[in-house]
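The values are calculated or read from the model by the stated rules, or taken from the named source; none is laboratory data. If you're wondering where the values come from, they're calculated on a predicted model, not measured in any experiment. Counting neighbours? That spans all protein chains shown, and the Cβs are built from the backbone with ideal geometry, glycine included.
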Amino acid sequence: MSLKITLPDASVKEYSAPITPLKVAEEISPRLADAAIAAEVNGKLVDLDTEITTDASLTIHTFTTETGKEVYWHSTAHLMAQAVKQLFPKVKVTIGPAIEQGFYYDFDRDENFTDEELIQIENRMKELSSQNLPYSRKELSKQDAVDIFGKMGENYKLELLDAIPDGDIISTYTQGDFIDLCRGPHIINTGKIKAVKLLKTSGAYWRGDEKNKMLKRIYGISFPTNKELTEYLTMLEEAKKRDHRKLGKDLDLFSIDDEVGPGLVLWHPNGAMMRHLIEQYWKEAHLKSGYKLVYSPHIGRAHLWQTSGHLGYYNENMYAPMDIDGQEYYLKPMNCPFHIAIYKSNLRSYRELPLRLAELGTVYRYERSGVLHGLMRVRGFTQDDAHIICTAEQLKDEVEKLLVFSMDMLKHFGFENFQVYLSTKPDNPVGDDKDWEMATESLRESLEKLNISYDVDEGGGAFYGPKIDIKIKDALNRAWQCTTIQFDFNEPFRFNMEYIGADNQPHRPFMIHRAVLGSMERFFGTLLEYHAGNMPLWLCPVQVMVLPITDSQMDYARKVTENLLSQGIRAEYDFRSEKIGYKIREAEIKKIPFMCIVGKNEVENEQVTLRRHTVGDLGAMTLDAAISKIQSEH
């Protein structure tokens, strides 16, 4: 019996049945077979040794695909769990998934894993890798699985099994003396794992619930070659230097104080100035693009959040209500209902549309303490928020304007490389199918008209509308979420939004949620890491530091500073009685773009010696020449 295999390039190959994906890869190319990690057969992800018995489409995944990486890292998590069980037999295993970069596994152990133990585990993993142990899949009944893990005393696996409906087929994977409950797939054998590094440990509650036991988590990374591992570890070192939490402390930009509360940001003068400059540009850009700026309260009545659906669908992320005059009020998690209330404050005509309402509105959302992370995950943040309310005929034009506006704004901050995603209708949508189709096509056609390359996330839209996401990529090839352009068919219906059309009849408008920068906090952190703290000159809180060599030049330094300030240049002078070398080093550490050094010669000649951060000495010149040089970089 023969069967036909259709490959991703649409070519068709004929084989004798049955055949495995690995065998197909071997016949295509020995190099492909060596790199193969898993396969997709008719869209289903399977092991490479799975038998194909009928005609099928086939995709071979290697480490170059996201799916290949996920399978590879999940397989390495199993290898790590095997090493841990061999070294520490009393430890209980829980779960070990692949994550965006690498993998982790959670273990029930009283003691924390030490750095020395991580090295032990890593070395044992290398030994097991060298043994080329096959990953063997077995399907069995739920009761058989309960018997196996019950005899092993693996109570966490029994808890996972308990949640699986009776009658469902269970699968396990075994490599050597280690067996794990797993859906799979996995790599062929442990020998495929050539380079591994265990990175850190942390605590994690079982199933993310603070009421459950605190487990011990080990994070790791692995690659098919040592070269890739070395490159990754080098990137990690660079990432540490760029960590916005470290830069925020070094540059005295912000802090988060436990006395104030976790996830609540204190903006220091330097950080507040940078934020002011970002917001000033944001407001000017919006006004030039036809937006109307609005402000809204920080709290709203419970009825508002019931109408919007937040109390029904988002309640776990909202803070407890407060009683005001016998009425329940909530801190706002989003700005949308307030903007809708502003829209509904007057009877609207089609002649008023599109109406673009924009606000830098502070919102409050509950985040578990374990996921709080500097500025990236906080509990109180200011949302770069706007809502475009328009007619069906205006959709395409508004989306095009939004895309151009968003790209221009991101480029203004120095971002250059973007990843764009179009997310389409999910399984549980609200709204009319025709509206979904019209909105999705307006997004798609706008992207194509503007020659913007994008990927489609099928079914990835919110239940209330399709969307476009724009991520920026930094020098370390990390992707950061910024812009979202999101249609909403839900809120206009819930709030009964209307406008009077040319036919003098009421019509429901389209509404687009739009955030270009996202939250100011997360954007600020992204900006810091993207530029490694070396901000564009226009964003620097202090653009020039004037450095007198001795106290004798202090009066002249003060005069230079005043002249710089009068020209709109943000300048300070270092009045401390420190050696000039120390002052220069401090200014370099603080990443201040320019230094004006003034000594005896500069005073006598009414000059300054200009120095550029990361470049060095630019020579002596008149203050006017220095000002021109500085202003030319604005």
**Request:** May I ask you to list pairs of residues, at least six apart or on different chains, whose Cβ atoms are under 8 Å apart, with the first in segment 417-439 being closer than 11 Å to Tyr464 by Cβ and the second being charged (D, E, K, R) and surrounded by 16 or more Cβ atoms within 10 Å (Cβ to Cβ)?
**Result:** Trp436/Lys425
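Residue-by-condition table, conditions (1) touching a helix residue (DSSP H, G or I) at 6+ places or on another chain (Cβ under 7 Å); (2) at pLDDT 90 or above:
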{"position": "Met407", "(1), (2)": "no, yes"}
{"position": "Thr440", "(1), (2)": "no, yes"}
{"position": "Ala462", "(1), (2)": "no, no"}
{"position": "Pro466", "(1), (2)": "yes, yes"}
{"position": "Leu476", "(1), (2)": "yes, no"}
**Message:** Would you confirm whether or not segment 178-187 contains a residue that is outside the structural domain of Arg478 (by TED's automatic domain parsing), at pLDDT 95 or above and part of a helix (DSSP H, G or I)?
**Reply:** no
**Item:** Total residues in segment 159-177, condition closer than 22 Å to Ser136 by Cβ, in contact (Cβ under 8 Å) with a residue 24 or more places away in the chain and outside any helix (DSSP H, G or I)
**Value:** 10
**Prompt:** With (1) over 28 Å from the mean Cα position of the chain (by Cα); (2) surrounded by fewer than 21 Cβ atoms within 10 Å (Cβ to Cβ) as the list, and Leu48 as the residue in question, which single condition is left unmet?
**Reply:** (2)
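Matching residues to (1) part of a helix (DSSP H, G or I); (2) within 30 Å of Thr362 (Cβ to Cβ):
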| site | (1), (2) |
| --- | --- |
| Glu210 | no, yes |
| Gly220 | no, no |
| Leu229 | yes, no |
| Leu233 | yes, no |
| Ala239 | yes, yes |
**Asked** Hey, any hits in segment 35-43 for a residue that's part of a loop (DSSP other than H, G, I, E, B) and of a type in the set (A, V, I, L, M, F, W, C)?
**Response** yes
**Prompt:** What number of residues within segment 352-375 satisfy the criterion of being more than 30 Å from Thr391 (Cα to Cα) and in contact with a Cys (Cβ under 8 Å, 6 or more places away or on another chain)?
**Reply:** 0
**Item:** Complete set of residues in segment 1-24 that are assigned to a strand (DSSP E or B) and either touching a helix residue (DSSP H, G or I) at 6+ places or on another chain (Cβ under 8 Å) or surrounded by 14 or more Cβ atoms within 10 Å (Cβ to Cβ) (or both)
**Value:** Leu3, Ile5, Thr6, Lys13, Tyr15, Ile19
**Hey, Tyr156 aromatic (Phe, Trp, Tyr), modelled with pLDDT of 95 or more, closer than 21 Å to Glu117 by Cβ and not in a loop (DSSP other than H, G, I, E, B) or not** = yes
**Prompt:** Do we have any residue at all in segment 208-216 that's exposed (fewer than 15 other Cβ atoms within 10 Å of the Cβ) and under 22 Å from the mean Cα position of the chain (by Cα)?
**Reply:** yes
**Request:** Within segment 462-504, work out how many residues are within 17 Å of the chain's Cα centre (by Cα) and surrounded by 13 or more Cβ atoms within 10 Å (Cβ to Cβ).
**Result:** 18
**Request:** Mind listing whichever residues of segment 127-183 are in contact with a helix residue (DSSP H, G or I) (Cβ under 9 Å, 6 or more places away or on another chain) and among the basic types (Lys, Arg)?
**Result:** Lys142, Lys157
**Asked** Can you name the residue in segment 365-415 that is surrounded by fewer than 21 Cβ atoms within 10 Å (Cβ to Cβ) and acidic (Asp, Glu) and, of all such residues, is nearest to Gln481 (Cα to Cα)?
**Response** Asp408
**Looking only at segment 542-579, and only at residues there that are assigned to a loop (DSSP other than H, G, I, E, B) and of a type in the set (D, E, K, R), the one that is nearest to the chain's Cα centre (by Cα)** = Arg570
**Request:** Kindly check whether there is at least one residue in segment 433-447 that is surrounded by fewer than 17 Cβ atoms within 10 Å (Cβ to Cβ) and closer than 30 Å to Glu416 by Cβ.
**Result:** yes
**Asked** Of all the strands (runs of 3 or more DSSP E) wholly in segment 453-507, which have at least 1 residues that are among the basic types (Lys, Arg)?
**Response** 467-473
**Fill in**
Selection from segment 145-177 of residues out of contact with any His (no Cβ under 7 Å at 6 or more places or on another chain), over 14 Å from Thr94 (Cβ atoms) and surrounded by 13 or more Cβ atoms within 10 Å (Cβ to Cβ) yields Ala145, Val146, Ile148, Gly150, Ile164, Ile170, Ser171, Thr172, Thr174, Gly176
